Amino acid sequence: KQEVTQIPAALSVPEGENLVLNCSFTDSAIYNLQWFRQDPGKGLTSLLLIQSSQREQTSGRLNASLDKSSGRSTLYIAASQPGDSATYLCAVASGSARQLTFGSGTQLTVLP
Amino acid sequence: DGGITQSPKYLFRKEGQNVTLSCEQNLNHDAMYWYRQDPGQGLRLIYYSQIVNDFQKGDIAEGYSVSREKKESFPLTVTSAQKNPTAFYLCASSIYNDFNQPQHFGDGTRLSIL
């Protein structure tokens, strides 16, 4: 059964810092890996999707990498801003139904 | 503007009562999903549907039921058999079998016990 782990569970950084969020998964037979952002009391917003054949994806200040063989992904946020404060969730699509399995998230606080 | 609408935003259930959460999408997506989120945890899949009139159980289907009579609608019923229903419920949709596209989410329904 696929399991997804995110480290750290919470992170607090001063504005302007570059930071890395980590995600690991147990079964490397995945279709894609997705990073989402969740604001308090809200749904999820898709940030980046990396297909299983890709190594990384970039969108603005965000860069996500995927190492399928080792079961790891990182989300790099450059020049963090207070508006980046949210919970970041990693999910992998796997199995016969291609369903998403989510990690528990990293709660990020960027201090002004 | 295309998107997913969940209603109500807040819902309260009395003991022994069934309640239904609404999810409507105008994205023309084939696949729809229901997830449950408990505090400090990730999302767990309750049910999903890849086409109209067909749906499959996810990891935690016990105590829940769904229907998919229309492409744009996927209501979730929380039955009295679900003994711990207090959670945040999220509905999502996607293009079926297109692994280049992410799932799109609604803003959720928070269910509490009276």
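What the table below lists for this structure:
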item	result
Subset tally (residues that are in a strand (DSSP E or B) and within 7 Å of chain B (Cβ to nearest Cβ)) for segment A:99-112	3
Residue within segment B:34-54 that is of a type in the set (Gly, Ala, Ser) and in contact (Cβ under 8 Å) with a residue 60 or more places away in the chain present	no
Leading residue by the ranking (surrounded by the most Cβ atoms within 10 Å (Cβ to Cβ)) among those in segment B:90-110 that are farther than 17 Å from B:TYR47 by Cα and under 17 Å from the mean Cα position of the chain (by Cα)	B:PRO102
Failed condition for B:LEU43, given (1) at positive phi; (2) at pLDDT below 95	(1)
Residue selected from segment A:37-62 under the condition among the polar types (S, T, N, Q) and either over 16 Å from A:THR106 (Cα atoms) or over 14 Å from the mean Cα position of the chain (by Cα) (or both), by the criterion surrounded by the most Cβ atoms within 10 Å (Cβ to Cβ)	A:GLN57
B:GLN56 being in contact with a Phe, Trp or Tyr (Cβ under 9 Å, 6 or more places away or on another chain) and either under 20 Å from A:GLY103 (Cα atoms) or surrounded by 15 or more Cβ atoms within 10 Å (Cβ to Cβ) (or both)	no
Flag if A:ALA29 is of a type in the set (Gly, Ala, Ser), within 14 Å of chain B (Cβ to nearest Cβ) and buried (at least 19 other Cβ atoms within 10 Å of the Cβ)	no
Only listed residue being surrounded by 21 or more Cβ atoms within 10 Å (Cβ to Cβ), in contact with a Ser or Thr (Cβ under 9 Å, 6 or more places away or on another chain) and farther than 30 Å from B:TYR10 by Cα, chosen from A:LEU66, A:LEU89	A:LEU66
Some residue of segment A:47-57 being among the charged types (D, E, K, R), over 29 Å from B:ILE46 (Cβ atoms) and outside any strand (DSSP E or B)	yes
Positions within segment B:17-59 being within 12 Å of another protein chain (Cβ to nearest Cβ) and among the β-branched types (Val, Ile, Thr), in sequence order	B:ILE46
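Every residue, every condition in (1) free of Cβ contacts under 8 Å to residues at least 60 places away in the same chain; (2) within 11 Å of chain B (Cβ to nearest Cβ), yes or no:
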position: A:LEU33; (1), (2): no, yes
position: A:THR45; (1), (2): yes, yes
position: A:GLN54; (1), (2): yes, yes
position: A:LEU66; (1), (2): yes, no
position: A:SER73; (1), (2): yes, no
position: A:GLY83; (1), (2): yes, no
position: A:LEU89; (1), (2): no, yes
position: A:ALA97; (1), (2): yes, yes
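The values are calculated or read from the model by the stated rules, or taken from the named source; none is laboratory data. It should be emphasised that the depicted structure is a prediction, and the values quoted were computed from it without experimental measurement. Virtual Cβ from ideal backbone geometry, glycine too; neighbours counted across all protein chains shown.
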